[in-house]
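The values are calculated or read from the model by the stated rules, or taken from the named source; none is laboratory data. Note that the structure is predicted; figures quoted are calculated from it, not measured. Heads up, the Cβs are rebuilt from the backbone with ideal geometry, glycines too, and the neighbour counts pull from every protein chain shown.
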Amino acid sequence: MPKVSPPIPAAPTLPTRDPARRETPILAPGRNCWRTERATRVAFLVDGEEYFGAVRSALANARSSFFILGWDIDSRMRLMPGGADDGLPELLGDFLNAIVAARPDLHGYVLSWDFAMLYAMEREWLPFYKFDWRTHRRLKFRLDDQHPVGASQHQKIVVVDGAVAFVSGYDLTRVRWDTCDHAPDDPRRVDHRGDAYPPVHDVGIVVGGDCARALGELARERWRRATGSLPRGTLAASAPEAWPAGIEPALTHVDVAIARTEPPFKGRPAVAEIRQLHLDAIAGARRRIFAENQYFTSRLVTNALAQRLREDNAPEIAVISPFTQSGWLEISTMGVLRGRNHRVLRAADRAGRYRLYYPTLPWLDAKGDCLNVHSKVLIVDDDLLMIGSANLADRSMGTDTECNLALEARGDPRVERAIAGLRERLLAEHLGRSPAEVAAAIQRTGSLHQAIAALTRHGDRCLKAIEPQLDPRLDALVPDHQVLDPERPIDPDAIVADLLPRAEARRGARVRLVGVALVVMALTAMALAWRYTPLQAWLEPVRLIELGASLREHRLAPLFAILAFVGGGLVLFPVTVLVAVTAIVFGPLLGTAYTMIGATLSGAMTFAIGRHLGRETVRRLAGRRLNDLSRRLGERGLVAVVFARMLPLGPFSIVNIVAGASHIRWRDFLLGTVIGLIPGVMATSIFVDRAAAAIREPDVATFALLAVAGATIVALVWMLRRKLRARAITAPDPMPSGHGS
């Protein structure tokens, strides 16, 4: 186990304020931060070796409770790939389980974003099994879906006993660990499969005392919102033993501000503290603005910086970001947005005060790769420091949940020295120099840019200026900022309207795309079935119709048809196939009647299963898309059920189960099912009946009638669905939208 940390130094006497320094403070609770709290200790943690080692040390000493909030959490990651040598398991999931199991009073809470399917291949599968079902009952794992559509839970917070708290850009997940050296072929920089990944740079902050306790309150409230239950375990007033061993504080007894972003959701207003803090910090800068950030896509921040650059005595602005984004998708979206922002700032920069830099590693240049700058740091003069989870992206200002910590010197030379020291340490790492050399160069030149140029050694680690070149064709194709980097949650229909603003083009493209896809799928399936299965012999259309006619004469045929729907619902058999077969056997009138009875009974049975399983179990098993469906069904009742039937949002039985877990009333579900099924069932039954007639009597007149029937049904269904969609869109939304931070 890590050693107990030394006692906290006594609070120093605060110095008298220098009248030449800034008189108007930037941090203002209620405006650009939630609250300011006294931290007994503050330390800055640069790169994964330092950060993850400190997190493991603190968690190993937990006595009452710990909270882990993240965008992604992976049970297979190793906090210390070289070995912790503390007698506890190495893998994160096993480690957390072991410390909870060893202490009867310890409760652990792990909360991760209920991610979109876009990230499914990058995430750990079955996290509930590995983190919750397979672990001790006092170790709880949940997925957080309590945010608007398109938003994410992006806070990265670890709180131990309410006495020590970490805030950072780090997730406790794969491909995040590295050292400050970012050495080539480091055998420890591998994922859970043993595959090497590129070097990564990040920054975190750890605090103790009342500030940690306040972050514990924030984490507890986030858990309550996500799960509906209050966590157990106390928030200790003081627990010095939880401070990570070997981590020397940069400051003691200092006020730290907590700033948040929260989108409006379920009647709760937006929280815009991080947004306002960025604007106030940029407006208050006198000499220099230094930032490290994974993304630089915010139009809001860019406009604020551009306004300062147009001033006669503009501050220097140095932004450090990765040379390129990760993967083709990010290059084609976030990379384009960064290029547009750079173009705006270049046009506003009258005196060469702005630079966009990327850190180089000589051993990477030949491979065409780059250091992944994942940190989120903002330093203004020597006066203000902000570290946390928020990117320089508009979605971090208003769409996602975020948490940053900020320190302001307000004339205190201790805090000024600590803020400047972190900036010097970060620049020293990127330039392959010592912090003392960086401090001396800045003092000598009076300029960040000149100091960077003076300390650059070509062929060694250094910072190089980026001049993003925008491909005019890509620039024309990529949508506006409000689509790719929205400052507030927006309606998905607004995204579609922006991507394809012309209604005619949108409808035409959708019809062509769906039509081509259906034709290709149908032809492929038929070819494979005819080539490799006995279907060619006994699934000929004429034979099927003859078989249906013979079954129709059986006295129990209606009961068999109804039971087929009930049984099919239990095994997730496609309901459309059953509708078609019933129409072939019984004709359009009786087929529709039997289908409605069978489908309604099947829906009732699977609805009852969902109600029995309960919302929590279904939420665990369902994907993000179905979690959103559950929320909509629960909020809109009858209208939502009708909408789901006429515009299927998922497999018939799955929708029923989700509806049962969403606390919809039986009456609303059954009535909505009947109303929503009638148009589709009638359309399918009539069309299938006419298709069977065309097979029996393949002449021009029959095919003409089939075409007329099909066109009429498609038109009627299209009009009904359009009317219902318009009603659903124009209805008041229980999840309000508006400004975020």
Check Thr36, Thr40, Thr24 and return the single one that is touching a residue at least 60 places away in the same chain (Cβ under 8 Å), part of a loop (DSSP other than H, G, I, E, B), of a type in the set (S, T, N, Q) and closer than 30 Å to Asp280 by Cβ. Thr24
Which members of region 280-321 meet the condition of being among the aromatic types (Phe, Trp, Tyr) and assigned to a strand (DSSP E or B)? Phe290, Phe296
Can you pull out every residue in region 136-157 that is outside any loop (DSSP other than H, G, I, E, B) and more than 19 Å from Leu215 (Cβ to Cβ)? Leu139, Phe141, Leu143
Here is a check on your reading of the model: is Arg275 among the basic types (Lys, Arg), in the same structural domain as Ser64 (by TED's automatic domain parsing) and in contact (Cβ under 8 Å) with a residue 60 or more places away in the chain? no
When residues of region 88-117 are filtered for being farther than 17 Å from Asp72 by Cα and assigned to a strand (DSSP E or B), how many remain? 1
All positions within region 261-279 that are surrounded by fewer than 24 Cβ atoms within 10 Å (Cβ to Cβ) and in a helix (DSSP H, G or I): Gln276, Leu279
Kindly provide the set of residues from region 183-230 that are small (Gly, Ala, Ser) and not in a strand (DSSP E or B), ordered by number. Ala183, Gly194, Ala212, Ala214, Gly216, Ala219, Ala226, Gly228, Ser229
Search region 227-254 for residues being more than 17 Å from Ser168 (Cα to Cα) and touching a Lys or Arg at 6+ places or on another chain (Cβ under 6 Å), and hand back the single one that is modelled with the highest pLDDT. Thr252
Hey, can you tell me all the residues within region 43-84 that are among the β-branched types (Val, Ile, Thr), outside any strand (DSSP E or B) and modelled with pLDDT of 95 or more? Val55
Of the numbered conditions (1) more than 24 Å from Arg174 (Cβ to Cβ); (2) in a strand (DSSP E or B); (3) in contact (Cβ under 8 Å) with a residue 40 or more places away in the chain, Val344 fails exactly one; give the number of that condition. (2)
Selected residue (criterion: modelled with the lowest pLDDT) from residues of region 306-335 that are surrounded by fewer than 21 Cβ atoms within 10 Å (Cβ to Cβ) and β-branched (Val, Ile, Thr): Ile331
Quick one: would you say Val380 is farther than 22 Å from Ala283 by Cα, in contact with a Pro (Cβ under 9 Å, 6 or more places away or on another chain) and either of a type in the set (S, T, N, Q) or in contact (Cβ under 8 Å) with a residue 12 or more places away in the chain (or both)? no
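Per-residue answers, yes or no, for (1) in contact with a Gly (Cβ under 6 Å, 6 or more places away or on another chain); (2) modelled with pLDDT of 85 or more; (3) in the same structural domain as Arg232 (by TED's automatic domain parsing):
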residue	(1), (2), (3)
Tyr119	no, no, yes
Trp125	no, no, yes
Arg134	no, no, yes
Val149	no, no, yes
Val159	yes, yes, yes
Ala165	no, yes, yes
What number of residues in region 358-413 are part of a helix (DSSP H, G or I) and acidic (Asp, Glu)? 2
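For every residue, the table says whether it meets (1) at pLDDT below 95; (2) of a type outside the set (Asp, Glu); (3) out of contact with any Leu (no Cβ under 9 Å at 6 or more places or on another chain).
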residue	(1), (2), (3)
Ala420	no, yes, yes
His430	no, yes, no
Ala439	no, yes, yes
Leu448	no, yes, no
Leu455	no, yes, no
Arg461	yes, yes, no
Ala476	yes, yes, yes
His481	yes, yes, no
Pro492	yes, yes, yes
